[in-house]
Amino acid sequence: MALKSWRELPIGGVILESGSSVDYLTGGWRAERPIIDMDRCTSCMICWIFCPEGGILVEESKVTGIDMDHCKGCGICALECPPKVIKMVQEVTALEGEQGR
Amino acid sequence: MTMTRSKGSVTDRVQGEPIALDGAKAVAQAMRQMNPDVVAAYPITPQTEIVQTFSEYVANGEVDTEFVAVESEHAAMSACIGAAAAGGRVQTATTSAGMAFMWEVLYVASSLRLPIIMAVANRALSAPLNIHCDHSDAMGARDAGWLQVYAEDVQEAYDNAFQALRIAEHPDVMLPVMHCQDGFIISHGVERLELLPDGAVKEFIGTYTPRYSLLDTEHPATFGPVDLQDHYFEHKRQQVDGMEKALAVVEEIGQEYGDLTGRYYGHLSPYRLEDAEIAIVVMGSTAGTTKIAVDKMRERGIKAGLLKLRTFRPFPADAVAEALAGVSAVAVLDRAIAFGSQGNPIFLDVCTSLYASGARPDVVNYVYGLGGRDTTASQITTVYADLLNIAETGQRGPLVRYLGLRE
Amino acid sequence: MAINLRQMCNERDQLAPGHRLCPGCAEPVVVRQILHAIEDPVVVANATGCLEVSTSIFPYTSWRVPWIHSAFENASTTAAGAESMYRSLVRQGKMADNGTKFLAFGGDGATYDIGFQFLSGVWERGHKVLYVCLNNEAYMNTGIQRSSATPLGAWTTTSPVGRVRPGKRENRKNMTAIAVAHEIPYVAQASPHLWRDLMNKVQRALAADGPSFINVLAPCPRGWRSEPGESISISKLAADTCVWPLYEVIDGVWKLNYKPRNKRPVTDWMKSQGRFSHLLKPENEELVTQIQERVDKEWEALVTKCEAN
Ligand SMILES: Cc1ncc(C[n+]2csc(CCOP(=O)(O)OP(=O)(O)O)c2C)c(N)n1
């Protein structure tokens, strides 16, 4: 993306596109990734309320997955999950697994 | 007082109300007439009277303003920034230590492009503590991105207040403006002036529509983000653009104000300068004193002139160079010291302007009036005598001199 | 509005992902919880600090609500300025009263130290602003320097553990009590692990007729030398050891919100964080006893105050 000239930018450094950081992907920071056992997930939303990234994907009050574009792999969800159905796996292992599929 | 270059018809003009007021009260009156949405201010001599008088207007319901009597000047400017980002008209007032305390956030105000108006009653900076006039406070904020406009007398202080608002809010500018008057000399000097009718002020200032506002919760904007190597420079360049465009806007608004009141304003007011061989450049109340000295010199057949500077930021470089083009020796009077520099703030800008234009009169710099030291017409005639000597002998002598100092 | 997770989770976060706070930082957890608790339009002022620098790197912003950063010390006053403008415009009929709320976020450095006077002024003048201190007990943005919120004995880069000094030598300031002393209508201490309690507090704070203050513990894995995944469990430990009691003071009436069934020793809290590791050595036993005694004394005083009501 070409950076804008001073004539093109709004003055005062204001950012008009709210929430634009979604385009900034922090998933690459991850060393470990959370894997949810969807069969056993009760959608209690404890992971959702504790996720620093707002990265727990939800549809109609049901957990549907994790936003891997932004998940930094902190592991809070895995530790706090009441039924203990989220586990952290090494990112490299997870990636190898994906490639093997 | 000011230049007369009438364009509008005299019958369009409003009838002013003659009254005797000091500069602080006059500016408070102007603030009442502008009826800002928010005023946040903190008292400090000699600005206190502005805040006190305005508080009375608030207490008597004469303004709609939300007056925030903050606990410091830093808080005053901080509240002004929050209020201005929330999209309404905002004003404050300060001087000296108060302005120094604001320093960090003066930059925030200008960089967020918030058209905040600040009345300043210029005063010396500590230490030692001194409550009297010089320009060290505003000169310290010289590069903070604010426009600076100076008054010679009470009428100008009053008139500048309205023009400051129009200039600041002009879409080409969108920068904060400080309108300055010499502490005590103007702020506490009672003079006759003409007040505008309230209705005329209302019409002159119109209404203000912000480009973006914090209160526009439907369109949430982020103000004051972190701005790193990729964009910071571009945002600074935009501020330069606003400053540069302000040069024309100051003239335009000064003309419009003149058509309304008969009192026309620009960046400069030359006095007996057309055929002058020697000239003084000065800003603020000392311009009035200098006129007396000019007249005395003229009586003696000496072609002395004065260039009064009204706008210090943006500096009207081309106009200054043009006005001084025909003069052989110039003295620039500074009421502040730029320590360690080869000459002081106004001098530096005048020299740069002349150099860039190719004009090469001899230019010397006088520091005067620090800490409220009285500067008399007879002292100023000695400056003209020095200039005459320089013009005649071609010997410039010391670059920086001190007027009214015990050596 | 009742706090219902299963309902709330269908609403979009007002703090978008893609912010650059460290993995496991509790600050965005607290901010998400707070913003989900607010239904009215809200304007946010943010002090310089980790949250501010990580959520607003041009041209990216994580904020989906109007947001302003001015400086380190003046978030409270910036919010108060916006609130003053709102009141002015509504009173003059220049805009409709849409119930806009004003929120300020500052770290403990911004709150306890450099912004202390500003905050005191905002409280004294009665601005309707909810000020939230994201309390990670040090200046984290500049690299873990001590603040007046840093607890006794903690390691920071300006209270290092050396041959003659065992970390910070001074007790932390009781900022929450200082807020109470301003006699503002709502003051509370909260923690993200008790999310419902925190969210209820936000709603009560915003319903108060005047200034409100919530001091929220926000574990910092980087500065506390703790595991990123443990930020929530550590905040629970703070409540269970009574190092960070959860209480609120509504119009001067003190109320305890959480009383641990088994009050745990401060060493349990210390063991969870590397910043305290030196305290567990034999030579610092006496200091630990001193810390425990202080925690006990403060806890008992708090319980007495709350039970008096
Ligand atoms: C006037 C001023 N002094 C110092 C700084 C440098 N500074 C920026 S953030 C910060 C510390 C922030 O600490 P805290 O308020 O506790 O928030 P945290 O980053 O820990 O969330 C400091 C010292 C500054 N930005 N402005």
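Pairing residues of the stretch C:208-225 that are at positive phi with residues that are more than 11 Å from the ligand (Cβ to nearest atom), at Cβ distances under 7 Å and at least 6 apart in sequence or on separate chains, gives C:GLY210/C:GLY126; C:GLY210/C:LYS128; C:GLY210/C:ILE184; C:GLY210/C:PRO185; C:ARG225/C:GLN273; C:ARG225/C:GLY274; C:ARG225/C:ARG275. For the stretch C:98-109, the condition holds for at least one residue, the condition being that it is surrounded by fewer than 24 Cβ atoms within 10 Å (Cβ to Cβ), more than 16 Å from the ligand (Cβ to nearest atom) and without any contact (Cβ under 8 Å) to a residue 60 or more places away in the chain.
Scanning the stretch A:29-39 for residues that are open to solvent by 20 Å² or more (accessible area, probe 1.4 Å) and within 10 Å of chain C (Cβ to nearest Cβ) yields a total of 4. Residues in the stretch B:38-60 that are open to solvent by less than 60 Å² (accessible area, probe 1.4 Å), without any contact (Cβ under 8 Å) to a residue 40 or more places away in the chain and either within 14 Å of chain C (Cβ to nearest Cβ) or closer than 27 Å to C:GLY93 by Cα (or both): B:THR53, B:PHE54, B:SER55, B:TYR57, B:VAL58.
Examine the stretch C:135-153 for a residue that is facing chain B (nearest Cβ under 10 Å), within 29 Å of C:SER235 (Cβ to Cβ) and within 14 Å of the ligand (Cβ to nearest atom), and state whether such a residue exists.
Going residue by residue through the stretch C:135-153, those that are facing chain B (nearest Cβ under 10 Å) are none.
No, the stretch C:135-153 contains no residue that is facing chain B (nearest Cβ under 10 Å), within 29 Å of C:SER235 (Cβ to Cβ) and within 14 Å of the ligand (Cβ to nearest atom).
Restricting the first member to the stretch C:115-138 and to residues that are more than 23 Å from C:MET199 (Cα to Cα), and the second to residues that are among the polar types (S, T, N, Q) and in a loop (DSSP other than H, G, I, E, B), the beta-carbon pairs closer than 8 Å and six or more apart or on different chains are C:GLY115/C:ASN74; C:GLN117/B:SER72; C:PHE118/B:SER72; C:PHE118/C:ASN74; C:GLY121/B:SER72; C:ALA138/C:SER147; C:ALA138/C:THR150.
Among the candidates A:THR93, A:THR26, A:THR42, A:THR64, which residue alone is of a type in the set (Val, Ile, Thr) and within 8 Å of chain C (Cβ to nearest Cβ)? Talk me through it step by step, then tell me what you get.
Values: A:THR93 fails: within 8 Å of chain C (Cβ to nearest Cβ); A:THR42 fails: within 8 Å of chain C (Cβ to nearest Cβ); A:THR64 fails: within 8 Å of chain C (Cβ to nearest Cβ).
Step by step, each of A:THR93, A:THR26, A:THR42, A:THR64 is checked, and only A:THR26 is of a type in the set (Val, Ile, Thr) and within 8 Å of chain C (Cβ to nearest Cβ).
Taken over the stretch C:110-134, the residue count meeting the criterion of being within 16 Å of the ligand (Cβ to nearest atom) and of a type in the set (Val, Ile, Thr) is 3. Does B:GLY199 meet the test of being free of Cβ contacts under 8 Å to residues at least 24 places away in the same chain and more than 14 Å from chain C (Cβ to nearest Cβ)? Here the answer is yes, as B:GLY199 does meet what is asked.
What residue, of A:GLY55, A:GLY75, is closer than 24 Å to C:GLU227 by Cα, open to solvent by less than 50 Å² (accessible area, probe 1.4 Å) and either of a type in the set (Asp, Glu) or out of contact with any His (no Cβ under 7 Å at 6 or more places or on another chain) (or both)?
A:GLY75
Report yes if C:ALA190 is surrounded by 24 or more Cβ atoms within 10 Å (Cβ to Cβ) and of a type in the set (A, V, I, L, M), otherwise no. Taking the combined requirement at face value, the residue satisfies it. Residues that are touching a residue at least 40 places away in the same chain (Cβ under 8 Å), within 16 Å of the ligand (Cβ to nearest atom), crowded, with 24+ Cβ neighbours inside 10 Å and in a helix (DSSP H, G or I) within the stretch C:53-80 comprise C:THR55, C:ALA75, C:SER76, C:THR77, C:ALA79, listed in sequence order. Quick check on the stretch C:20-27. Is at least one of its residues closer than 23 Å to B:ASP216 by Cβ, in contact with a helix residue (DSSP H, G or I) (Cβ under 9 Å, 6 or more places away or on another chain) and of a type in the set (A, V, I, L, M)? No. Can we say B:LYS296 is in a helix (DSSP H, G or I) and outside the structural domain of B:GLN148 (by TED's automatic domain parsing)? The answer is yes for B:LYS296.
Identify the residue in the stretch C:24-43 that is within 19 Å of A:ILE15 (Cβ to Cβ) and within 15 Å of the ligand (Cβ to nearest atom) and, among all such residues, is farthest from the other protein chains (Cβ to nearest Cβ). Show your work before the answer.
To start, the set of residues in the stretch C:24-43 that are within 19 Å of A:ILE15 (Cβ to Cβ) comprises C:28, C:31, C:35, C:41-43.
Then drop every residue that is not within 15 Å of the ligand (Cβ to nearest atom), which leaves C:28, C:31.
Details: C:PRO28: 4, C:VAL31: 9 Å.
Only one residue tops the list, namely C:VAL31.
Results for (1) over 30 Å from A:GLY54 (Cβ atoms); (2) more than 20 Å from the chain's Cα centre (by Cα), shown as yes or no for each residue.
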residue	(1), (2)
C:HIS69	no, no
C:ASN74	no, no
C:THR77	no, no
C:ALA80	no, no
C:LEU89	yes, yes
C:GLY93	yes, yes
C:GLY99	no, yes
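Once the stretch B:215-251 is narrowed to residues that are surrounded by 16 or more Cβ atoms within 10 Å (Cβ to Cβ) and over 30 Å from A:SER20 (Cβ atoms), the residue that is farthest from the other protein chains (Cβ to nearest Cβ) is B:GLU251. Considering the stretch B:309-347 alone, what residues qualify as being open to solvent by 50 Å² or more (accessible area, probe 1.4 Å) and not in a loop (DSSP other than H, G, I, E, B)? Result: B:ASP318, B:GLU322.
Would you confirm whether or not the stretch C:191-199 contains a residue that is farther than 30 Å from C:GLY99 by Cα and either more than 14 Å from chain A (Cβ to nearest Cβ) or over 15 Å from the mean Cα position of the chain (by Cα) (or both)?
No, the conditions are met nowhere in the stretch C:191-199.
Among the residues of the stretch C:154-184, the one identified as in contact with a helix residue (DSSP H, G or I) (Cβ under 7 Å, 6 or more places away or on another chain), within 16 Å of the ligand (Cβ to nearest atom), open to solvent by less than 20 Å² (accessible area, probe 1.4 Å) and assigned to a loop (DSSP other than H, G, I, E, B) is C:ALA154.
The values are calculated or read from the model by the stated rules, or taken from the named source; none is laboratory data. Bear in mind the structure is a predicted one, so any value in this text is a computation, not a measurement. Note that each Cβ is placed from the backbone with ideal geometry, even for glycine, and that neighbours are counted across all protein chains shown. Calculation scope for accessible area: heavy atoms of the full protein, side chains included, ligands and nucleic acids excluded. Shrake-Rupley method; radii C 1.70, N 1.55, O 1.52, S 1.80 Å.
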